[in-house]
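Participant: Starting off with a structure, shown below.
The values are calculated or read from the model by the stated rules, or taken from the named source; none is laboratory data. The model shown is predicted, which means the values in this text are computed figures rather than measured ones. Positions of Cβ are generated from backbone atoms using ideal geometry, with glycine treated the same way; all protein chains shown enter the neighbour counts.
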Amino acid sequence: MSSNDTVQKTVKVALLLCLVCSIVVSGAAVILKPIQLANKALDRKTNILAAAGFETKGQDIDALFHQFTPKVVDLDAGVYTSVVDAETYDQRKAAKDPKLSDALSDADDTASINRRERYATVYLLEKEGKVDRIIIPVHGYGLWSTLYGFLALEGDGNTVAGLGFYSHAETPGLGGEVDNPRWKSQWVGKHIFDEQGQAQIELVKSV
């Protein structure tokens, strides 16, 4: 057998192996995608429940979350809207889409997020016909990364009931304190606005 035949066979085997591997990887991606999406949705629900003060360990997350009603808010008009579907709307992606977000000026961009989405999904928990909890998405830049989380308010829409972050790249130490239960508990009971409607909570960043 000539060396050329050996090289050709080696190339054919390599190509065949690449083809088989690509098919396996593609098939696995297709099969696993629904599972990944389900896990992502479950994680979001868990974080919303945790921010609202629910114990989630060992609980039926879907059953607990079923108590909440999702609503989409037009952030410019301050009213509920059906322009986007609350079940499928991805707020993080929308913030990067020029059609669904607006660029912020330096004066308005106090959270260093560059763009602000036009719509936000909030979650309402009602008890005895009255709103008991309002869960709103929050995000802003920390020490090293953009943090994404949920802020829970009492039914008055002004008193903090809980706070939690589900995505960030802060390092252990000062930045990682956002995951410290003791730090998060300091927010509970604080008021967002005073009687004149002015913001009472300010974050001061020093370099």
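Participant: Determine which single condition D76 fails, assuming it passes every other condition in (1) touching a strand residue (DSSP E or B) at 6+ places or on another chain (Cβ under 8 Å); (2) surrounded by 10 or more Cβ atoms within 10 Å (Cβ to Cβ); (3) part of a loop (DSSP other than H, G, I, E, B).
Facilitator: Here D76 meets the rest and fails (1).
Participant: Got a sec? Which of A29, A38 is within 30 Å of A161 (Cβ to Cβ), among the aliphatic types (A, V, I, L, M) and part of a helix (DSSP H, G or I)?
Facilitator: Answer to the check: A38.
Participant: Further, regarding this structure: Residue under question is K57, and the condition is that it be charged (D, E, K, R) and more than 20 Å from P137 (Cα to Cα); does it hold?
Facilitator: For K57, the condition - charged (D, E, K, R) and more than 20 Å from P137 (Cα to Cα) - is met.
Participant: Specify which of the listed residues (A14, A107, A28, A41) is under 21 Å from V138 (Cβ atoms) and surrounded by 10 or more Cβ atoms within 10 Å (Cβ to Cβ).
Facilitator: Selected residue: A41, the only one of A14, A107, A28, A41 that is under 21 Å from V138 (Cβ atoms) and surrounded by 10 or more Cβ atoms within 10 Å (Cβ to Cβ).
Participant: I'd like to verify a number: residues in segment 91-120 that are assigned to a strand (DSSP E or B) and free of Cβ contacts under 8 Å to residues at least 24 places away in the same chain, how many?
Facilitator: Count: 4.
Participant: Among A14, A41, A50, A63, which is more than 30 Å from Q91 (Cβ to Cβ) and modelled with pLDDT of 80 or more?
Facilitator: Matching residue, one of A14, A41, A50, A63: A14.
Participant: Which count do you get for residues in segment 45-73 that are surrounded by fewer than 17 Cβ atoms within 10 Å (Cβ to Cβ), within 16 Å of the chain's Cα centre (by Cα) and either not charged (D, E, K, R) or not in a strand (DSSP E or B) (or both)?
Facilitator: 1
Participant: Only one of R118, R92 is modelled with pLDDT of 95 or more and either more than 22 Å from W183 (Cα to Cα) or surrounded by fewer than 15 Cβ atoms within 10 Å (Cβ to Cβ) (or both). Can you tell me which?
Facilitator: R118
Participant: Then there's this: Output the number of the condition that F150 fails; it satisfies all remaining conditions of (1) more than 19 Å from Y80 (Cβ to Cβ); (2) out of contact with any Asp or Glu (no Cβ under 9 Å at 6 or more places or on another chain).
Facilitator: The single condition F150 does not satisfy is (1).
Participant: Here's another thing I want to ask about it. Would you point out which residue out of L143, L151 is in a loop (DSSP other than H, G, I, E, B) and either among the hydroxyl-bearing types (S, T, Y) or in contact with a helix residue (DSSP H, G or I) (Cβ under 9 Å, 6 or more places away or on another chain) (or both)?
Facilitator: L143
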